[in-house]
Amino acid sequence: MSEHVDHGPGFYVKTWGILLVLFAISVIGPIAEIRWLTLITAFGVAVVKAYFVAARFMHLDIEKRYINYMFATMLLMMLLFWGGIVADIGAHRGSNWVRIAPSQVQAPGSLSQPKVNAMKVEQSDETTSEEPTIESEGH
Amino acid sequence: MGLVQPIATRRSATGIPTGKLAVWWLIGSEIVIFGGVLVSYIILRHYHADWTEEAAATNVWLGGLNTFVLLTSSLFAVLAHYYMEKRNDAKKASMYLWLTVVGALTFLVVKSFEWTHEIQHGYVMTKSLFWGFYYTAAGIHGLHVIAGAVIMGIIAIQIRQGKHYNRVELIGLYWHFVDIVWIFLFPLLYIAK
Amino acid sequence: MEALLLRASSYAADVDGVIHLITLLAGFWFIVAEVVLFYFIFKFRKKNNEKAQYITGEKKEEMKWIHWPHNLIIVCDIVLVFFAIKAWYHIKQELPDPDFTVKITGQQWAWRMQHPGPDKQLDTADDIELVDELRVVVGKTYHYKLESLDVMHSFSVPVFRLKQDAIPGRTITGWFKPTRTGAFDIQCAEMCGIGHGIMGARIIIETEEEHQKWMESLSGNSVAQAL
Amino acid sequence: MSSAEHHHEQSIWEKYIFSVDHKVIGMQYMFTGIAMALIGGFFVYVFRMQLAFPGMSVPGFGTVNPMEYNSLVTNHGSIMIFWVAMPVLIAAFGNFLIPLMIGCDDMVFPRLNRLSYQIFLVSAIILIISFFVQGGGFGGAWTSYPPLSAKSEYNLTPWGASLWLLAVALEFVAFLIGGINFITTLMNSRAPGMKMYDIPIVCWMIVIASILFMASVGPLIAGAVMLGFDQVYSIGFFDPGKGGDPVLWQHLFWFFGHPEVYVVLLPAMGIVAEVITTFARKKLFAYKTVLFTAAATGVLSFFVWAHHQFVSGIDPRMANVFTVTTLMISVPIAEMLFVYIATLYGGSIRFTTAMLFALAFLAEFLIGGVTGIYLGASGSDIFFHDTYFVLAHFHYTFVPIAIIATFAGLYYWFPKMSGRLMNETLGKIHFWMTIIPFNFIFIPLFILGASGQHRRIYNYQNFPDLAVPELQNLRVVATVALIFMILGQIPFFYNFIVSWKKGEKADANPWKAATLEWAAPSPPPHGNFAELPNCYRGPYEYSVPGRDLDYWPQNVK
């Protein structure tokens, strides 16, 4: 295998120590109840921990470069996917459309029967009569 | 087993052994799968401000304990690889592999306590969409932990029989990936309150 | 396009314009490619086994034959993108101020059309709600508020070149301005289950007077109903 | 160590059913794909008869009610893409060709290869079971948009929807595992001396397709798990009443959907490249350009997915972005086609059946590509979305990919697969009886689409504007042409079955081609090559000046 500098087991235990310290930092946030600190420490620390595990434990630092490029592309795909749909799924409203809050989403049965349109109802009856199974109007 | 390993498997035009290359690609495809769930979760979390008090019911301590357990099991996995690779000491490597499997089992035990506690308090999967994501994401991750532990046990036995020494590294890589997924799951599900 | 489907809305001409432009530009390159293909097939067929030429395609002057059409196609694409986005912006992003607003709700296998009624205000007592029938006045700008009660439907009026999916959980606003009278089809363009095929509705475009006469005829008996 | 020495006699069970030989697994994928194509073909025959003659009792099926119509349409789409195009183009040709063309004896993970076929077979069986469960097969279109696919009170097929989703998810798992096998084999197991640009284009294309598939299917597997939970536990990932959003599924689906169509296109382009260079006796024009445009198409295909959703409720401002990227992706594809046409320049073209199909692919795919621009441009897509114009467009791309290019590959590699030659006259009859009716099916559908006929509607008599005789005649023309095309397949099946055993004997290199698979005997034994070949030059050294033979095999010093 490629002869990089020969890490003893101590090297890994040291990395493990660093990871625990980082983990401790990320837990301080929720205890201190400071919201912005929590978010920064939690996600910042997560990225740093992921770097340590990937680089040192998975030996990605000495692996061929295009393997790292492959992981970077996969992550970029997820970033692209996030970027593509956050303006749409994450938004309350956009140009010409509004999201109805879950509580006001009408259940199908809630709409009252149409007030008018008696003649339309018979007329549409006979067009759908030859389909035996479907009931003709709404439900 | 009747199969003779084809010559193709032993060739390595890229310089990376075939088994390791396959595991890299497996991890690549797993990134995209976990990414799909987490991106959908992050976006809907961004949309639903009301999920914060739902998330308040998650137990940071047990989540933290699990993070510690997984980090330690990652250490054992890399030590197993170290002893196998550098010292060619199958016995020690196998011991560390079994320690990693023990770490995986503790993770699952802690998770089962956590989940039963939450389910008893009514935070079931269908309570709200946050809990839907919580159980889906942690559930898929849990399945990967189980799969990793089983394979690791098999490999630990195999290297004691003197076969497949290279597989210690492969299962180690997979295990580190499962740990990295949890490193991201922990803040997303537990800390983001 | 006019021969296949008449235009009955103000922006139908814009959509048809984009379609004709694409037919022109893409059609030209299509014909060039097919002619060159068939010409090569004919010219370089196996003739008393003389050998083929050895062209690697790496040299500049060989690749010239690819780069030039390639660059011209990029130019055509830029022109197409410009006109497509211009039409899209005019139809889907601009909202001219409306004369009337109708509320269209798609549900499993029928369209409910809520008309503003005589007082021209939506969501008032005198609203007229029709099922599978939309009555509009020619020449007036209409806003439609599109919703769905259960699954995805798609409100499509081919003669208007209008199509907008109705998403449960969203209210989508769009506009149209009828330019000729008549009765035309409304189709559901998104698979919505067993009755997707019978969800057809009619849009009836009439003059101002006919519309008033229709409303009076209705308000006669609808007042009775409302009591 | 030649591979023959471990040749103990394998039982039928071991040799064919549980074989780990990449060629046998390739053939298993091929025959499963062709069998599913027959099912898909029967479905299209039934619902096209219903469309042309509404309400009639279709011979071989009986009257079609709206529920059956929807599930016929849905499963025709699902089968043709997931269970015919992908297995035959990627898995069958990939399994059979990659080890042979890069000069090694098998895939790197033979048992994983067998496992991926078995998972694929299970997924096909589950899909077929889903037709016969209570409520019938899933009827919510192959895109299965929730809430229709998420709630059984909407789609009225409680079992059908979940089984369909399970079958599709298993099929994804099968192709993920298969994909890892292909990529690793091509990266590592190349013949000594075979540099990057010496790999035949079809191997490159199949591997790029596998990478595209692997990178794009992730979110949809996550989406399938979420949709499955929505169906079974109604958690509400896609239910607006519970906070979810149905458009989230559309994004998850089409983020996979568009790379998927390039996953299927690239292997077909690879097959056509092999066939064209062999029968035009000419070096592929600008090998590097083909490779880089294929990679560019692959990368760009991740940026275009929302052109399927212009009018489906996404924010209109996003549509402008995706119009630009969609028209950008038409550029590398156009360049790749130009390079293929340029390959014919200066060639000496032999019109064997395989070459006819390859040329027909180029001619027909041009129509498909050009009509795609109408749908990529947001302005015109407002009208064209979900009409028969879209249907005709993607059949002009899918049929050349999944049927015409597959036949080109089959006729070209049949001698290598079976050691026998297929009958050329029967092949030519089959060619003309497929290509001519194909155009008579879809040109009328273009016209129907342009005159405002929308997709998946059970009976066009309900729409007065569409029930006019001229349009109905077009539907009848399309259906009759479809029947001719189906009948046109009989010469192929006869030719295929008879020639497999009784065809004229073929030597190792009947077409005098230059790639490595022709260095192996046909049909190749278990270890492929008696002596694993080295590679000395590129795959397309035809008509090299100064050599008497007009081809220079890669493995000849």
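Kindly provide the set of residues from the stretch B:34-71 that are aliphatic (A, V, I, L, M) and without any contact (Cβ under 8 Å) to a residue 12 or more places away in the chain, ordered by number. Listed by number, the residues that qualify are B:Val39, B:Ile43, B:Ala49. Restricting B:Ala22, B:Ala56 to residues that are surrounded by fewer than 17 Cβ atoms within 10 Å (Cβ to Cβ) and under 26 Å from the mean Cα position of the chain (by Cα) narrows the list to B:Ala56. Restricting the stretch C:1-16 to residues that are more than 12 Å from the chain's Cα centre (by Cα) and at the interface with chain D (Cβ under 8 Å from one of its Cβ atoms) leaves a set whose member that is surrounded by the fewest Cβ atoms within 10 Å (Cβ to Cβ) is C:Leu4.
Quickly run through the stretch A:63-75 and pick out the residues that are surrounded by 15 or more Cβ atoms within 10 Å (Cβ to Cβ) and assigned to a helix (DSSP H, G or I). Within the stretch A:63-75, A:Ile67, A:Asn68, A:Met70, A:Phe71, A:Thr73, A:Met74 qualify.
Going through (1) buried (at least 24 other Cβ atoms within 10 Å of the Cβ); (2) part of a helix (DSSP H, G or I); (3) within 8 Å of another protein chain (Cβ to nearest Cβ) one by one, D:Leu265 falls short only on (3). Residues that are more than 8 Å from every other protein chain (Cβ to nearest Cβ) and hydrophobic (A, V, I, L, M, F, W, C) within the stretch B:121-130 comprise B:Val124, B:Phe130, listed in sequence order. With respect to C:Ser156, is the statement that it is within 27 Å of C:Tyr89 (Cβ to Cβ), under 16 Å from the mean Cα position of the chain (by Cα) and within 11 Å of chain D (Cβ to nearest Cβ) true? Taking the combined requirement at face value, the residue satisfies it. Being in contact with a helix residue (DSSP H, G or I) (Cβ under 8 Å, 6 or more places away or on another chain), crowded, with 24+ Cβ neighbours inside 10 Å, outside any helix (DSSP H, G or I) and not small (Gly, Ala, Ser) is a property that D:Phe238 has. Of the residues D:Val217, D:Val173, D:Val232, D:Val225, which is in contact (Cβ under 8 Å) with a residue 12 or more places away in the chain and either basic (Lys, Arg) or surrounded by 24 or more Cβ atoms within 10 Å (Cβ to Cβ) (or both)? Answer to the selection: D:Val217. For the stretch C:101-149, the set of residues classified as in contact with a strand residue (DSSP E or B) (Cβ under 6 Å, 6 or more places away or on another chain) and either without any contact (Cβ under 8 Å) to a residue 12 or more places away in the chain or acidic (Asp, Glu) (or both) consists of C:Asp127, C:Glu129, C:Asp132, C:Glu133, C:Glu147, listed by residue number. For the stretch B:4-77, the helices (runs of 4 or more DSSP H) that sit wholly inside it and include 2 or more residues that are more than 7 Å from every other protein chain (Cβ to nearest Cβ) and of a type in the set (Phe, Trp, Tyr) are B:18-47.
C:Ile74 fulfils the conditions (1) facing chain D (nearest Cβ under 9 Å); (2) surrounded by fewer than 20 Cβ atoms within 10 Å (Cβ to Cβ); (3) in a loop (DSSP other than H, G, I, E, B) except for a single criterion, (3). Among the residues of the stretch A:31-46, those identified as free of Cβ contacts under 8 Å to residues at least 12 places away in the same chain and in contact with a helix residue (DSSP H, G or I) (Cβ under 7 Å, 6 or more places away or on another chain) are A:Leu37, A:Thr38, A:Phe43.
Pairs only if they're at least six apart or on different chains, beta carbon under 6 angstrom, first in the stretch A:47-58 and more than 7 Å from chain B (Cβ to nearest Cβ), second surrounded by fewer than 16 Cβ atoms within 10 Å (Cβ to Cβ) and not in a helix (DSSP H, G or I); list them, first residue then second. Final answer for the pair search is A:Ala55/A:Asp61. The conditions of being under 30 Å from the mean Cα position of the chain (by Cα) and closer than 30 Å to D:Asp105 by Cβ are met by D:Trp518. Take the residues of the stretch B:97-130 that are surrounded by fewer than 19 Cβ atoms within 10 Å (Cβ to Cβ) and small (Gly, Ala, Ser): which is nearest to B:Leu70 (Cα to Cα)? Once the filter is applied, the top-ranked residue is B:Ser112.
For the stretch A:83-107, enumerate the residues that are part of a helix (DSSP H, G or I) and over 17 Å from D:Gly244 (Cβ atoms).
Hits for the stretch A:83-107 are A:Gly83, A:Gly84, A:Ala87.
For the stretch D:271-287, the criterion of being closer than 21 Å to D:Leu176 by Cβ and of a type outside the set (Gly, Ala, Ser) is met by none of the residues. With a requirement of 3 or more residues that are away from chain D (no Cβ under 14 Å) and modelled with pLDDT of 90 or more, the strands (runs of 3 or more DSSP E) lying completely within the stretch C:86-138 that satisfy it span C:100-107, C:110-115, C:133-137. Scanning the stretch D:449-507 for residues that are within 14 Å of chain C (Cβ to nearest Cβ) and surrounded by fewer than 18 Cβ atoms within 10 Å (Cβ to Cβ) gives D:Gln461, D:Pro464, D:Ala467, D:Val468, D:Glu470.
Being at the interface with chain C (Cβ under 10 Å from one of its Cβ atoms) and either part of a helix (DSSP H, G or I) or crowded, with 24+ Cβ neighbours inside 10 Å (or both) is a description that does not apply to D:Phe292.
The values are calculated or read from the model by the stated rules, or taken from the named source; none is laboratory data. Keep in mind the model is a prediction, meaning the values are calculated, not measured. Here the Cβ is made from the backbone with ideal geometry for all residues, glycine too, and neighbour counts use every protein chain on show.
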